[in-house]
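S.K.: One structure coming up, written as structure tokens, with questions to follow.
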Amino acid sequence: MSLIQFLKSKTFFIQIAIAIVGLFLFVFLLKYWLGVTTNHNQKIQVPDLQKLTLDDVDRKLKELHLDYKIIDSASYNPEYPKRSVIEQTPEAGDFVKEKRKIYLTLNPSKYRDVSIPNLNGRTKRQASSQLRAMGLNVGTNFTYVSDIGKDVVRGLRYNGTIVNEGDKLPLNSIVDLVLGDGRR
């Protein structure tokens, strides 16, 4: 039997019909199986977790059959409670499926600490600029000591106590300068 005769035969057309029916059956079963296993058309709205503590987040997400994962701590934000959610992915109001993970960014418990540099001998303006660049605030309560250099830094104070080089203070702390009075 030649190839052309086989292509015109009844057996060939039966084989083609079986292949087409098998393909449609396979696609239909695959689509049904994927719909069942991927929870097709299931939607859970993600709640707003901002400013909630981890205990509240855990309780709220367990009720909705969602999981969470802490991915990072951001810079301290005083407008949010300590160890509360600052950011979440997916966003509040988005729709997800059951057992989906919500990724959280938390507010640390305090500002990070900054190491105090050696500012002895610097001018008031130089020291103020350097402290502000490091994230510290310079107070207006200057203390003057007897020294030949006018407005030259001779020390630092934090809450009335002397601060030395290498000491650590929380970011945004107010540091007062001890300056020379220019008389000797």
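What follows is calculated from the coordinates using simple rules that are stated; it is not laboratory data. All values derive from a computational prediction rather than experimental measurement. No Cβ is skipped: glycine too gets one built from the backbone with ideal geometry, and neighbour counts run over all protein chains shown.
S.K.: Excluding same-chain residues fewer than 8 positions from LYS110, which aspartates and glutamates have a Cα within less than 18 Å of its Cα?
M.R.: Within reach: ASP72, GLU79, GLU87, ASP167.
S.K.: Then there's this: Within the chain, which DSSP H helices have Cα atoms that stretch 18 Å or more along the helix axis and a mean Kyte-Doolittle hydropathy of at least -1.0? Display every interim value, and only then the final one.
M.R.: Working: long enough: 10-37 (40 Å, 1.84).
Result, helices passing both filters: 10-37.
S.K.: Here is a follow-up. For the chain, max minus min Cα coordinate along each principal axis, in Å, sorted largest first?
M.R.: The Cα atoms of the chain stretch 121, 45, 22 Å along the principal axes, largest first.
S.K.: Taking Cα pairs under 8 Å and at least six residues apart, what relative contact order does the chain come out at, in percent? Numbers along the way, then the final one.
M.R.: Values: 303 pairs, mean separation 32.9, N = 184.
The value is 18 percent.
S.K.: Next question. Take the alpha-carbon centre of the stretch 12-62, take the same for the stretch 125-181, and report the distance between them in whole Å.
M.R.: 62 Å
S.K.: Setting aside same-chain residues fewer than 8 positions from LYS97, which lysines have a Cα under 21 Å from its Cα?
M.R.: Hits, sequence-local ones excluded: LYS31, LYS43, LYS60, LYS62, LYS69.
S.K.: Just from its helices, what would the mean residue ellipticity at 222 nm be for the chain, if runs of 4 or more DSSP H residues each count -39500 (n - 2.57) and the sum is divided by every residue, rounded to the nearest 500 deg cm²/dmol?
M.R.: -9500 deg cm²/dmol
S.K.: Right, next: Distance in nm between label sites at GLU98 and LEU30, each 7 Å beyond Cα in the beta-carbon direction?
M.R.: 2.6 nm
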